[in-house]
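Let me begin by presenting the structure, written as structure tokens, before commenting on it.
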Amino acid sequence: MSEIAEFTRHLGHYLGRPDITLVENAFDFSESAHRGQFRKSGEPYITHPLAVASILSQWRLDAQGLAAALLHDVMEDTSVTKTEIESRFGRPVADLVDGVSKLDQIAFDTREEAQAESFRKMLLAMARDVRVILIKLADRLHNMRTLDAMAPTHRKRIARETLDIYAPIANRLGLNALYLELQDLSFKHLNPMRHRILAAAIKAARGNRRDVMNRLIETIRDGLAAAGIEATVTGREKSIYSVYEKMRGKRYTFSQVFDIYGVRVLCPDKPRCYEALGVLHELYKPIPGKFKDYVAIPKANGYQSLHTTLFGPFGTPIEAQIRTHDMHRIAETGVAAHWLYKSGDTIDLEEAQRETHKWLQSLLEIQSESRDSKEFLEHIKGDLFPEEIYVFTPKGRIMALPRGASAVDFAYAVHTDIGHHCVAARINYDLVPLRTELKNGDHVEILTAPTARPNPSWLSFVATGKARSRIRHFLKGLHQKESASLGERLLAQALATLKVDPESISWERWEAVAKEYGAKSHLEVLADIGLGKRLAFVVAQALARGAAGSAAGGGARAESDAAAPPVRQGALSLRGVEGVAIQYAKCCRPIPGDALVAQFRRGQGLTVHTRDCAALKRQRVDPGELVDVEWSPDVEGVFDAVVRLVVSDRRGLLADLATAIADAGANIDAVAMERPDGGEVLAMFFGVQVKDRRHLAQVMRAMRRVPNVKRLGRART
């Protein structure tokens, strides 16, 4: 093939003969493996891996990466195994090919699940070796360039996947040229008519504005030369998708988008960039609020540039980018600059490489805390596609976070322990709640407390995958711990009914029962009991069969978890501080002093009701789901109760009632009012926090003494 000869001739510009031989051997092996296979376009299949390798050679990827690119489909589409690739080309090449390959050998329930697992595998392989994602991105780019051969439904699905996942990954790695091309190609296949109309409009505008742009560029060149600044000035055009996004986001017509064209100024060094900015601001007035300094504060992907928007000729806004030649190379090729410039020009890639490595390592941490592939993908999506803001730590270090990030996101970005124990934040030295959204340039300090722990409500406002995965991981562990503690108490109660001493159950018996239930450990069995997934009495019987001296009859047949337990002797004691494993029902709001009963709700643990709860009676609960519970003598904390009053309205009544409640030592949690007939008689509902029934009685007596209160009582559903 003439294509392979031309390809290897290009490789001679930066690879030695042994490396080129490795690439040629990989091509021969791939061509043999794919022989007889054709693409949808009718071309021999080998043209695809060769095209992928050619794209990567433009980034000067090393020989192992190019060999893996040529072989990237052989494991997926032929009978070749990873072992065979390793024996011929070495372990690194085999690992790269494996990282790029899909997971077709595994059966998944849905396409979404298979896609999520493929992304998880690919991104984790990328965290170990970034060449995996470079090969995958080049593969996707060539597929998008040749997508016309696919059926329309497949075109839209692949284009949507590219726009949602692959283009943002390219952006996150600083591959700007690739990012823009993937966006435009995706847009072309998702909205072909809009793409065609916009492309024609931009082409027409290009002709209309050519004279204006040429005059603008010439004026800037002359101004820079007069100031003694050597610089390259070129025009730049917004991509079709960028124009579309601006029109959609701002609800503009095409004629209202003035910054389709801009200028790019490339200077020899950083000081000259700032001097050039001054020259541009002298030539054309800058638009206030439109200046961004990504040189002093680079983006997380290593991008550096000065951005300013100017009032150009005839009042047309013109966006200008000013950067050094080295900054421009990194802006276009991002992480690939590591290969592109490591043998030749020496440029400062250290910071960009460090930030990329930090993000890739965070993927591994998020994976270790995600329950499944879908959750992993959900976590990393927020980190892939953010519009970034930059905030400062108390020591002046700059941190990049996605727009919409809160103080909690900042806390977890600093360190997991700070996130777990944060209680408040100081933003620009003012004390603010943790949910406060951060803005560009904020100075952020996190306040912590040793006893603080993550709150489930944080999940509703955090914006980073790291914060979300850490919070979920902590709550999952906490929930299991508290559920296991409840399960242990319920099991002890059931064993007492069988007259079995828990200490008499051997560790071997516990392991046997855990294995029988398919649990990893006895703690998982206890947590299942606490969550209502297993009945304590059934587990007690299984344990008692192997316990010495069991009065339950060791030869009893095995019982299923559906079996109803007999009447329990002794009630479970509640202290009010059990945590998430025990919940107090909102329908009857039990407080210390009330007679209690508890209901097991599968997967949710124990829900405590009053014995006379009307809502519980309406449910017609199976008696086997009910557990006897009682208040402990040393119950702690405060509990919610609702008091309903009928009053005749007057000025100051609400204030008098609030004072009466406060004087009785209770807090008001909520207030609601109803005026049933539109007259002066009101129904008022006070949510109050009390210690027990006696305390509630004191509160109600204090409220009854307030003038205009006609009657009151404890409200229940």
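The values are calculated or read from the model by the stated rules, or taken from the named source; none is laboratory data. Since this is a predicted model, take the numbers as computed values, not measurements. Neighbour counts run over all protein chains shown; Cβ positions are idealised from the backbone, glycine included. We work out accessible area using only protein heavy atoms, side chains counted, and drop any ligands, DNA or RNA first. Shrake-Rupley method; radii C 1.70, N 1.55, O 1.52, S 1.80 Å.
Structure above, values below:
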| item | result |
| --- | --- |
| Theoretical FRET efficiency, 1/(1+(r/R0)^6), r = Cβ-Cβ of residue 628 and residue 395, R0 45 Å, to 0.05 | 0.20 |
| Rounded FRET efficiency, nearest 0.05, which uses the C-beta distance separating residue 247 from residue 481 and R0 of 56 Å | 0.60 |
| Per residue convex hull volume, Cα atoms of segment 20-91, in Å³ | 81 Å³ |
| Heavy atoms of residue 27 accessible to a 1.4 Å probe, total area in Å² rounded to 10 | 10 Å² |
| Sequence of 703, 193 from largest to smallest accessible area, 1.4 Å probe | 193, 703 |
| Lysines whose Cα lies under 23 Å from that of residue 466, excluding same-chain neighbours fewer than 8 positions away | 121, 299, 358, 374, 381, 395, 439, 476, 481 |
| Highest to lowest packing among 131-140, 472-481, scored as the average C-beta count within 10 Å | 131-140, 472-481 |
| Calculated FRET efficiency for the pair residue 292/residue 221, C-beta based, R₀ 22 Å, to 0.05 | 0.40 |
| Karplus-derived HN-Hα couplings along segment 28-43 (A = 6.51, B = -1.76, C = 1.60, θ = phi - 60°), whole Hz, x at Gly and Pro | 4, 5, 5, 4, 5, 5, 8, 4, x, 9, 10, 7, 4, 6, x, 6 |
| In order through segment 449-457: 3J(HN,Hα) via Karplus (6.51 cos²θ - 1.76 cosθ + 1.60), integer Hz, x for Gly, Pro | 9, x, 8, 6, 8, x, 9, x, 5 |
| Accessible area of segment 18-90 belonging to carbon and sulfur atoms, whole % at 1.4 Å probe | 45 percent |
| Cα gyration tensor shape for segment 153-273, rounded if a/c is under 1.5, else prolate or oblate | oblate |
| Only Lys, Arg (+1) and Asp, Glu (-1) charged, at Cβ; segment 624-717 dipole about Cα centre in debye | 640 debye |
| Placed amide H near residue 574: partners under 5 Å, 5+ positions off or other chain | 630, 631, 632 |
| Whole-Hz ³J(HN,Hα) from phi, Karplus 6.51 cos²θ - 1.76 cosθ + 1.60, for segment 607-612, glycine and proline x | 10, 9, 10, 6, 5, 9 |
| Full-extension gain in nm, residue 662 to residue 437, via 0.36 nm per residue minus C-alpha separation | 77.6 nm |
